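Here's the structure we're looking at; comments come further down.
The values are calculated or read from the model by the stated rules, or taken from the named source; none is laboratory data. This structure is a prediction, so every number in the text was calculated from the model and none was measured. Virtual Cβ from ideal backbone geometry, glycine too; neighbours counted across all protein chains shown. All accessible areas refer to the heavy atoms of the entire protein, side chains included, with ligands and DNA or RNA removed. Shrake-Rupley method; radii C 1.70, N 1.55, O 1.52, S 1.80 Å.
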Amino acid sequence: RLAKDYAKKRKLEGAKSGDFGMNRLYAVECMTSTTGLKADHRLALRASDIPAFATDLAAAVGVGTAPSGYTWSSDAEAFLKFAAEELKANGGKCVVIPGEQQTPAVHLAAIAINEALGNAGKTVVYTETVNPLPSIQDDDLKALVADMNAGKVEYLLILNANPVYSARADLEFEDAMGKVKTVAHLGSHYDETGQAAEWHVNAAHYLESWSDARAYDGTVSVVQPMIDPLYGGHTAHEFLQSFLSDPDTSAYAAVRETWKDKTAGKPNDADFGWRKVLHDGWIAGTAFTPKGGGGKAQGTSSAMQAPAAQAPTDAIEVVFRPDPHVYDGRYANVGWLQEVPRPVTNVSWDNAALMSYATLEKLGLEEQNIIEISLNGKKVLAPAMAVPGNADGSITLHLGQGRRTGRVSGGVGFDAYRIRPSASPLYATGATVQKKPGTWGFAVTKSHYQDHRSVSVGGDGSGTHSIEGNEAIDRGIIRWATLEEFRKEPEFAHIGEGRDVPEPATSMFPAYRYDHNAWGMSIDMNSCVGCNACVVSCYAENNIPVVGKQQVRIGRLMQWLRIDTYYEGDLAAPRAHFQPMACQHCENAGCEQVCPVGATVHTPEGLNMMVYNRCVGTRYCSNNCPYKVRRFNFLLYSDYETESLKLMRNPDVSVRSRGVMEKCSYCVQRITAAKIQADKENRLIRDGEVVTACQQACPTDAIVFGNINDGNSRVAMLKKGERSYGVLADLNYRPRTTYVAEVLNLNDELSKARGEFAS
């Protein structure tokens, strides 16, 4: 939801009147994230320095608190100065958002700043907390372990959690479990905790159960089962109910009883309210009531915490963060999430010790070197990886990997929980690093230069298809301008040689004629946040197989859609661009011209399609595709035997065997379904009726699909826009997928002070 709200102010569709209404994003972080890379201005700080920076920002906007006394670099000083000035100038129209993984001190400072600027009740609203983050629930867990060790716990019920694996190393949770009389574990997998417990109960999947859940604004949804439990699983409701006074109460009855006051029926129809909830999917009127402003209850300057003393500049800190895909390890057995490359690092099937290039060099390391990280007497082996924009002196370890069990997760990555202290679970200073013999062997889907002085990068596969140097900018693959430049020259995306699509009349290949539908796509580079939701949705929709780490390492990833990340400038503080890349469905497709068996063809509606029965695996089409978006299944990656996988697959898309080329089809099965429905109703397909899987999953509405022949369609209007352009259009392939160039809302004074690009 936050990503969607952010993107609403970045689209600038039809922005020609001068009233652009574009937001500006500042980010302060230790580890490079997609949020930081999308920010107009970003500052990399060690995690231990961020609470002090928040304190100084509060003092700068007039909260009334004392400055931290930290010594900041000139770069951080400039960032602090101009960010504070903009906040004060936009009171009631700005917001300071503390990260979920930040300390209470940072949250209290953010509350105080928002209160002082008059943001409470306008741009920020306080409600109840939906769920405390499981990664930072410390006090309760410590108290539980203490009671277990003291013999005060007779029955321990563990619901869909794995504390033997994920609890802090120094708590020794498994040893404490041995002092409990009866331990019962409910879980979907026979994981580390299930093996250590006296009883393990097979948990039903949430789509096999009645339950309820709250959205982030508090709205309640009723979870309805779509299928009976496949493997005789039991729900958390049933499991817990068996220990209560009415053990025979079903999950359905428990959920309905819980919300009976909110689902009351009519006088002559007692079930009407419940049926309406099941139809709508949520219970109206259950959103949390907004509370008043911050005030003393929320945390004014008097409630702010003084930051700790500044750590020495040469100290190494270790930062613990949930994995962006498998979180705290609960999703580690989902093959899709393991195989999809992580944002920023592009690592598949792994985690790493992430650090800046300067820190890598200071420690005398190279990427993929194995290092031993020691912290408070605990040690773990991890591979080193340099990340553009990471804070110097800070090493980030992602949690959730290094599992001892699991058909998918077993043996993947390393276990960062082994050194995570309970006293400081977010970050800890004073770590030591020692290089060990050997290298790790990452599965990295996109490569970049080791020389990090100045570079623009992107690419695909094993690195052989990378576009490096400055080609990404010089060839117009990435096009962007500042807001001021856009105001002065709306056609900036088409300035320069070789960037415009040649007119059909200038080509030796005649243009196709489309009498009815002509399908096309537009992707807004301003809205894309590089989250990979589109990639996972493509897996689900098109039955794309998971190939495993070794196949990924040799360039055989089967994804039909990827997110290319391009960096420019100094990789210590780069500017980044995200670009979704799939088959461009070219009008003058190079793949069609070289296929010797006519397996890749052009449809009457402009789609570039694959005829699987004709394909003999020459791979000429892939060689002649400049976008490198075609995938060849060298091996039989699809499992035809497992019964549950048969139910998982989309019946409208064929499951491919080995030896054929695969690629994006613009979700032709969805196009066909819409055409059939329109024919039944004797009408044309309406704009927006066909929604591709990637478009449906995109949280920021960056992807728009439709009929180009319909001049009033949204996709046609976007393609007519002054910022619309085609990637590698100078090759005269005439791609049907086009992009909307980026516009950055920079603070020119800050850019000049930091030596960055300014208008």
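Just a few scattered comments:
- Count - residues of region 284-304 that are in contact with a Gly (Cβ under 9 Å, 6 or more places away or on another chain) and at pLDDT 75 or above: 5
- Scanning region 548-558 for residues that are open to solvent by 20 Å² or more (accessible area, probe 1.4 Å) and in a helix (DSSP H, G or I) yields Lys549, Gln550, Gln551, Arg553.
- Within region 303-342, restricting attention to residues that are of a type in the set (Phe, Trp, Tyr) and assigned to a strand (DSSP E or B), the residue that is most open to solvent (accessible area, probe 1.4 Å) is Tyr327.
- All positions within region 16-51 that are in contact (Cβ under 8 Å) with a residue 12 or more places away in the chain, in a loop (DSSP other than H, G, I, E, B) and not aliphatic (A, V, I, L, M): Lys16, Gly18, Phe20, Gly21, Asn23, Arg24, Cys30, Thr32, Ser33, Asp40, Arg46
- Whichever residue in region 559-576 is of a type in the set (A, V, I, L, M) and surrounded by fewer than 21 Cβ atoms within 10 Å (Cβ to Cβ) and, among such residues, is farthest from Ala674 (Cα to Cα): Ala572
- The lone criterion from (1) closer than 23 Å to Leu354 by Cα; (2) open to solvent by 50 Å² or more (accessible area, probe 1.4 Å) left unmet by Gly36 is number (2).
- Contacts under 8 angstrom Cβ, first residue in region 368-381 being assigned to a strand (DSSP E or B), partner crowded, with 18+ Cβ neighbours inside 10 Å and of a type in the set (D, E, K, R), 6 or more apart: Val380/Asp415
- Matching residues in region 412-428 - criterion: being assigned to a loop (DSSP other than H, G, I, E, B) and either modelled with pLDDT of 85 or more or closer than 14 Å to Lys379 by Cα (or both): Val412, Gly413, Phe414, Asp415, Arg420, Pro421, Ser424, Pro425, Leu426
- Residue match in region 525-540 (condition: open to solvent by 10 Å² or more (accessible area, probe 1.4 Å), of a type in the set (Ser, Thr, Tyr) and under 29 Å from Ile685 (Cα atoms)): yes
- Hits in region 550-583 - residues which are within 27 Å of Pro651 (Cα to Cα) and not β-branched (Val, Ile, Thr): Gln551, Arg556, Leu557, Met558, Gln559, Trp560, Leu561, Arg562, Pro580, Met581, Ala582, Cys583
- Of Ala58, Ala54, Ala84, Ala105, all but one fail to be in a helix (DSSP H, G or I), surrounded by fewer than 19 Cβ atoms within 10 Å (Cβ to Cβ) and in contact with a helix residue (DSSP H, G or I) (Cβ under 7 Å, 6 or more places away or on another chain); the exception is Ala84.
- Count of region 723-759 residues which are within 26 Å of the chain's Cα centre (by Cα) and hydrophobic (A, V, I, L, M, F, W, C): 6
- Count of residues meeting criterion [open to solvent by 30 Å² or more (accessible area, probe 1.4 Å) and either of a type in the set (S, T, N, Q) or touching a Gly at 6+ places or on another chain (Cβ under 8 Å) (or both)] in region 87-101: 3
- Residue list for region 218-245, filter: open to solvent by less than 60 Å² (accessible area, probe 1.4 Å) and either of a type in the set (Lys, Arg) or more than 13 Å from Val255 (Cα to Cα) (or both): Gly218, Thr219, Pro229, Gly232, Gly233, Phe239
- Set Pro596, Pro545: member being in contact with a Phe, Trp or Tyr (Cβ under 9 Å, 6 or more places away or on another chain), assigned to a loop (DSSP other than H, G, I, E, B), surrounded by fewer than 18 Cβ atoms within 10 Å (Cβ to Cβ) and not hydroxyl-bearing (Ser, Thr, Tyr): Pro596
- Filter pass, Ser242 being at pLDDT 90 or above and touching a strand residue (DSSP E or B) at 6+ places or on another chain (Cβ under 9 Å): no
- The combined condition, being part of a loop (DSSP other than H, G, I, E, B), crowded, with 19+ Cβ neighbours inside 10 Å and modelled with pLDDT of 85 or more, is not fulfilled by His200.
- Count of region 625-640 residues which are buried (at least 17 other Cβ atoms within 10 Å of the Cβ) and either β-branched (Val, Ile, Thr) or in a loop (DSSP other than H, G, I, E, B) (or both): 8
- Index of the failed condition, Arg619 passing every other in (1) charged (D, E, K, R); (2) at positive phi; (3) crowded, with 21+ Cβ neighbours inside 10 Å: (3)
- Subset of region 386-410 that is open to solvent by less than 10 Å² (accessible area, probe 1.4 Å) and hydrophobic (A, V, I, L, M, F, W, C) - its residue that is nearest to Gly187 (Cα to Cα): Leu399
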